[in-house]
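One structure is given here, and the rest of the page talks about it.
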There are 2 protein chains.
Amino acid sequence: MELNNLSLTSRFVDCIQAANPLASREAVHMAKMGLVDFIASCHAASGDISVQKLKKHLDMDGGAGPVPVIGQNMKAAPLHAALLNGFIGHALDFDDVHSDVRGHPSTVILPVLFSLAASRSTAKALNGQRLLASYIIGVEVMARLGQAIGKDHYAKGWHNTGTLGTVAAAVAGAYFLGMNHEEMRQVIGLAATQASGLRVQFGTEAKPLHAGLASQAALQSILFTEYQLSSTAAGLDQELGFFAVYGQGEPYAAPFLLDHWQHGSWKIANPGLWFKLYPFCSAGYHGADAALRLVANYPIDPERINQINIIFPQGGDAALVQHTPLTGEQGRFSIEYIVALILLHYPLSIGNFQAQPIAEEVRMFMSKIKRRYSDDIQPVPDSIPKGRFTIVEIITDRNEIWSERVDAPKGSALQPLTDEEMQYKLKICLQNDQTSRRILQYVEDLENYPVSGLLSLL
Amino acid sequence: MELNNLSLTSRFVDCIQAANPLASREAVHMAKMGLVDFIASCHAASGDISVQKLKKHLDMDGGAGPVPVIGQNMKAAPLHAALLNGFIGHALDFDDVHSDVRGHPSTVILPVLFSLAASRSTAKALNGQRLLASYIIGVEVMARLGQAIGKDHYAKGWHNTGTLGTVAAAVAGAYFLGMNHEEMRQVIGLAATQASGLRVQFGTEAKPLHAGLASQAALQSILFTEYQLSSTAAGLDQELGFFAVYGQGEPYAAPFLLDHWQHGSWKIANPGLWFKLYPFCSAGYHGADAALRLVANYPIDPERINQINIIFPQGGDAALVQHTPLTGEQGRFSIEYIVALILLHYPLSIGNFQAQPIAEEVRMFMSKIKRRYSDDIQPVPDSIPKGRFTIVEIITDRNEIWSERVDAPKGSALQPLTDEEMQYKLKICLQNDQTSRRILQYVEDLENYPVSGLLSLL
């Protein structure tokens, strides 16, 4: 065995290639939920102005091809489709998140798999089983990268969806094509060297663009490897590798990448993908659920509220970068906006999180809301994400204090969506009962069908 | 004036848009030298196997279009051409470098300008003067970014050509198109969020790929802005911006970006682009020149050499990542290989730095070479890059010690190529006297001609 085979990248690839994701019924079930959720999230954005803007890209560099652009009733070339589908899936911030990732896995991984499945005619590309296995692997890799890169990566300003997503989606695609050990290592090196995405873009259309660009870069990594362009086979390793530059170094990262592959537990199911019922940033979910409970449990009159305190652990609101948003789109990253909508009885609809000015009434009300941070309040052990909670506390003009605390929000593993709720999400996003039913049937039996059948419905 | 106009990104754009690069004859002359050098470097790689591999990309996503792929007698769509021309220009590591950048400006900037010039029919795109001005601006921006990002950026593992190049080439392209203040800020944000490239790829074909990917990402930033996708206008600013994440923060960066724009001195000329006579990494140039002086000044018999010490300041060999290269391609980043070739009287030809195994004789000889580092030896004040020197010291079997020291190598501002040497480089790279002469004529008079004429000769 050559020395390089002992490198972190090499051992990680060994783990990936030795795993058997289809042996876990739970993982396969979650993969099917994730497919339905991603398709629903794409369709929810089908009329969004941002999607219409990015479609102009199909006129550049010959965008025509065989891959469906989801919800747009059109097809595109593989790299163009990866860019667009990644963008569309994340356009409303309505797609799944994963607490180990601190980002959005499916909207980066699935576009790569769809582009490969639609543009290759090999048996592997046509196989639904292979698609499910590759998706489970992709989420596994992205969640492990998320743990291995450490919390400081996100805190420093990286957008994990872009950085980790590029590598994870590249691995998923390489797995889908059945690439060998050496090829997968090169794909990882080429993806690692393209990883990018800054949180300074949160609240702009560049945020979903990160997902599309990560899909595009992942697919490029696969293509460059197929062209036999040389790459380091040690992209994750040592002093100059991915973890040294973007994270805390190889020694910290290694156990997260290499341990517990034999346990039969998969990250896609545990702690699991977290599916959204509302189209805004998941960091606002705890606060939204707490506000919804306040509305359900107390006789709230907005005019009688003097002050609202929203209490986070230190850093728990890092993603909520907008304190005084001017538009619904910026409001996706504003706990002030989200809680104000709920307390004023506005619906958490797609329409209220678009690039439209925020109503004066809501903007005025937001000024009553203060963020606070506590080091004294203990997170519960099974909070999601770990260490997170949000408390919403209302102080009325009679000095009543009403408060609700949420540690694991709706849609996360401890409050999962039921199959029926997911079917409902698909139905309202598609606005077409018949196609919605056919997609559900296809996904349910995906092991027994070619992927092309599913793709033809998107 | 709104508050944002006082942001670093905004003030930087103000400086860029107020500048008058064509007022400097020296800068215009260097831009013309740079154009010739880039074209020569591309043609030198025209038969390189790596270029043939990446050309397969033109079959993906409809690569056909109006932009010349330099030295390949073919045309491609704008993004494809940016990827390919950036790659081709850097494929042999024969293109210019800049000591403030710690990387390669022209091979990232010029492909973006060529793609725009060849695919737009506006008056600006057709104007040779505008091309020269945009190129000077691009190098200025990249050099200032290089100073502003600090030395640690490269030391940590980033490849400045990729990271800084993405932003600089995007600015150059935005300037070329005459974008307004707000558009240029958005372009900078979109480029900053795509910046990537790791030094762990040095010695592989992914290194020149970084230049191509940076050109591609820069052009994408311009296109996304034209589609009116929203982006932060503050990509370089504050705690989450480019300098906080990739560098040492905004306060360190600001003076390098904002000061001395009125001096009439341009980075393209001072300290200036550094043009190469040999096809390997510029970090090996000091050592190569020292070895060439040894061969010229001493009666060297390779068999009588016991040991060779190559002495750098601490970190001065960071780019020379290959200590025991196996191929000429890896040898582009190996001072051992470069000095061995010279002392064994092999030519520093393109052929000796290709993906071919290194001759046994050379590999054996390399084992006599040791790298050493000195904190005691003082760099001279006008060393290029600042703080750099290399000493090559030979110890013979009779204990003779012969040594030569180089502080500013051939091709750099203190030992510049003459016009005649540049013409000679173009001639040997093109292997076509007539085309070579026409290119020189065209570049010499570029202010008075449309760019299309030059592009038709590439």
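The values are calculated or read from the model by the stated rules, or taken from the named source; none is laboratory data. Being a predicted model, the structure only gives us computed values, none of them experimental. Here Cβ is always computed from backbone atoms with ideal geometry, including for glycine, and neighbour counts include all displayed protein chains.
Given the condition more than 11 Å from every other protein chain (Cβ to nearest Cβ), modelled with pLDDT of 95 or more and within 16 Å of A:Lys207 (Cβ to Cβ), answer yes or no: does some residue in segment A:68-81 qualify?
no
Is it the case, given these coordinates, that B:Asp259 is out of contact with any strand residue (DSSP E or B) (no Cβ under 9 Å at 6 or more places or on another chain) and farther than 29 Å from A:Pro325 by Cβ?
Spelling it out, B:Asp259 is indeed out of contact with any strand residue (DSSP E or B) (no Cβ under 9 Å at 6 or more places or on another chain) and farther than 29 Å from A:Pro325 by Cβ.
Can you list residue pairs whose Cβ atoms sit under 9 Å apart, with the first residue in segment A:356-371 being touching a residue at least 60 places away in the same chain (Cβ under 8 Å) and the second being surrounded by 12 or more Cβ atoms within 10 Å (Cβ to Cβ) and assigned to a loop (DSSP other than H, G, I, E, B)? Count only pairs 6 or more apart in sequence or on different chains.
What qualifies is A:Phe365/A:Leu344; A:Arg371/A:Asp317; A:Arg371/A:Leu320; A:Arg371/A:His323.
What's the number of the condition A:Ala413 fails, among (1) of a type outside the set (Ser, Thr, Tyr); (2) touching a helix residue (DSSP H, G or I) at 6+ places or on another chain (Cβ under 7 Å); (3) within 23 Å of A:Ile350 (Cα to Cα)?
With (1) of a type outside the set (Ser, Thr, Tyr); (2) touching a helix residue (DSSP H, G or I) at 6+ places or on another chain (Cβ under 7 Å); (3) within 23 Å of A:Ile350 (Cα to Cα) applied to A:Ala413, the lone miss is (3).
Would you pick out the residues in segment A:104-136 that are outside any helix (DSSP H, G or I) and surrounded by fewer than 24 Cβ atoms within 10 Å (Cβ to Cβ)?
Listed by number, the residues that qualify are A:Arg120, A:Ser121, A:Thr122, A:Ala123, A:Asn127.
Which condition number does A:Thr204 fail, the rest of (1) closer than 26 Å to B:Ala244 by Cα; (2) facing another protein chain (nearest Cβ under 8 Å); (3) surrounded by 24 or more Cβ atoms within 10 Å (Cβ to Cβ) being met?
(3)
Is it the case that segment B:211-234 has a residue that's within 15 Å of B:Val167 (Cβ to Cβ), under 16 Å from the mean Cα position of the chain (by Cα) and at the interface with another protein chain (Cβ under 7 Å from one of its Cβ atoms)?
Within segment B:211-234, one or more residues are within 15 Å of B:Val167 (Cβ to Cβ), under 16 Å from the mean Cα position of the chain (by Cα) and at the interface with another protein chain (Cβ under 7 Å from one of its Cβ atoms).
Looking at the structure I just gave you, is A:Tyr285 in contact (Cβ under 8 Å) with a residue 40 or more places away in the chain, under 17 Å from A:Glu393 (Cβ atoms) and of a type in the set (Ser, Thr, Tyr)?
Against the criterion (in contact (Cβ under 8 Å) with a residue 40 or more places away in the chain, under 17 Å from A:Glu393 (Cβ atoms) and of a type in the set (Ser, Thr, Tyr)), A:Tyr285 does not qualify.
Go through segment A:34-59 and give me each residue that's in contact with a Gly (Cβ under 9 Å, 6 or more places away or on another chain) and aliphatic (A, V, I, L, M).
Across segment A:34-59, the qualifying residues are A:Ile39, A:Ala44, A:Ala45, A:Val51, A:Leu54.
Mind listing whichever residues of segment A:242-272 are under 30 Å from B:Gly197 (Cα atoms), surrounded by 17 or more Cβ atoms within 10 Å (Cβ to Cβ) and either aliphatic (A, V, I, L, M) or without any contact (Cβ under 8 Å) to a residue 12 or more places away in the chain (or both)?
A:Ala244, A:Val245, A:Ala253, A:Ala254, A:Leu257, A:Ile268
I need the full set of residues from segment A:57-72 which are free of Cβ contacts under 8 Å to residues at least 24 places away in the same chain and part of a helix (DSSP H, G or I), in order please.
Selection gives A:Asp59 alone.
Just for helices (runs of 4 or more DSSP H) wholly inside segment A:175-247: which have at least 1 residues that are among the acidic types (Asp, Glu)?
A:181-192, A:206-226
Which is part of a helix (DSSP H, G or I), within 23 Å of B:Tyr278 (Cα to Cα) and within 16 Å of the chain's Cα centre (by Cα), of B:Val101, B:Val139?
B:Val139
Among the candidates B:Tyr285, B:Tyr346, B:Tyr298, single out the residue that is crowded, with 23+ Cβ neighbours inside 10 Å, farther than 20 Å from A:Leu240 by Cα and either within 14 Å of chain A (Cβ to nearest Cβ) or not small (Gly, Ala, Ser) (or both).
B:Tyr285
What's the number of the only condition in (1) in contact with a Ser or Thr (Cβ under 8 Å, 6 or more places away or on another chain); (2) modelled with pLDDT of 95 or more that A:Cys429 fails to meet?
(2)
Using the structure shown, decide if A:Ala192 is buried (at least 24 other Cβ atoms within 10 Å of the Cβ), closer than 16 Å to A:Leu164 by Cα, at pLDDT 95 or above and more than 7 Å from chain B (Cβ to nearest Cβ).
No: the conditions fail for A:Ala192.
Every residue, every condition in (1) assigned by TED's automatic domain parsing to the domain that holds A:Gly189; (2) more than 24 Å from the chain's Cα centre (by Cα); (3) aliphatic (A, V, I, L, M), yes or no:
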site: A:Leu240; (1), (2), (3): yes, yes, yes
site: A:Gln248; (1), (2), (3): yes, no, no
site: A:Asp259; (1), (2), (3): yes, no, no
site: A:Val295; (1), (2), (3): no, yes, yes
site: A:Ile300; (1), (2), (3): no, yes, yes
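Quick check, is B:Ser367 more than 14 Å from chain A (Cβ to nearest Cβ), out of contact with any Phe, Trp or Tyr (no Cβ under 9 Å at 6 or more places or on another chain) and not hydrophobic (A, V, I, L, M, F, W, C)?
In short, yes.
Got a number for residues in segment A:316-327 being more than 12 Å from A:Phe202 (Cβ to Cβ) and more than 20 Å from the chain's Cα centre (by Cα)?
4
Could you tell me whether B:Lys410 is charged (D, E, K, R), modelled with pLDDT under 90 and either surrounded by 14 or more Cβ atoms within 10 Å (Cβ to Cβ) or outside the structural domain of B:Ala288 (by TED's automatic domain parsing) (or both)?
Considered against the rule, which asks whether it is charged (D, E, K, R), modelled with pLDDT under 90 and either surrounded by 14 or more Cβ atoms within 10 Å (Cβ to Cβ) or outside the structural domain of B:Ala288 (by TED's automatic domain parsing) (or both), B:Lys410 comes out as yes.
Rundown of residues vs (1) in contact with a helix residue (DSSP H, G or I) (Cβ under 7 Å, 6 or more places away or on another chain); (2) surrounded by 13 or more Cβ atoms within 10 Å (Cβ to Cβ); (3) assigned by TED's automatic domain parsing to the domain that holds B:Ile311, yes/no style:
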{"site": "B:Ile369", "(1), (2), (3)": "yes, yes, yes"}
{"site": "B:Arg372", "(1), (2), (3)": "no, no, yes"}
{"site": "B:Asp375", "(1), (2), (3)": "no, no, yes"}
{"site": "B:Gly387", "(1), (2), (3)": "no, yes, yes"}
{"site": "B:Val392", "(1), (2), (3)": "yes, yes, yes"}
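Would segment A:357-366 turn up any residue that is touching a Lys or Arg at 6+ places or on another chain (Cβ under 8 Å), closer than 20 Å to A:Cys281 by Cα and modelled with pLDDT of 95 or more?
No, that holds for no residue.
Mind checking which residues of segment B:151-174 are in a helix (DSSP H, G or I), in contact with a strand residue (DSSP E or B) (Cβ under 9 Å, 6 or more places away or on another chain) and touching a residue at least 60 places away in the same chain (Cβ under 8 Å)?
Once the filter is applied, which keeps residues that are in a helix (DSSP H, G or I), in contact with a strand residue (DSSP E or B) (Cβ under 9 Å, 6 or more places away or on another chain) and touching a residue at least 60 places away in the same chain (Cβ under 8 Å), segment B:151-174 yields B:Tyr154, B:Thr161, B:Thr163, B:Leu164, B:Gly165.
I'd like to know if segment A:255-265 contains one or more residues that are touching a Ser or Thr at 6+ places or on another chain (Cβ under 8 Å) and in a loop (DSSP other than H, G, I, E, B).
Yes, segment A:255-265 contains at least one residue that is touching a Ser or Thr at 6+ places or on another chain (Cβ under 8 Å) and in a loop (DSSP other than H, G, I, E, B).
Here is a yes/no grid of residues against (1) free of Cβ contacts under 8 Å to residues at least 40 places away in the same chain; (2) under 23 Å from B:Tyr135 (Cβ atoms); (3) in contact with an Asp or Glu (Cβ under 7 Å, 6 or more places away or on another chain); (4) buried (at least 24 other Cβ atoms within 10 Å of the Cβ):
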position: B:Ser7; (1), (2), (3), (4): no, no, yes, no
position: B:Ala18; (1), (2), (3), (4): no, yes, no, no
position: B:Met30; (1), (2), (3), (4): no, yes, no, yes
position: B:Ile39; (1), (2), (3), (4): no, yes, no, yes
position: B:Cys42; (1), (2), (3), (4): no, yes, no, yes
position: B:Ile49; (1), (2), (3), (4): no, no, no, no
position: B:Lys55; (1), (2), (3), (4): yes, no, no, no
position: B:His80; (1), (2), (3), (4): yes, yes, yes, yes
position: B:Val97; (1), (2), (3), (4): no, yes, no, yes
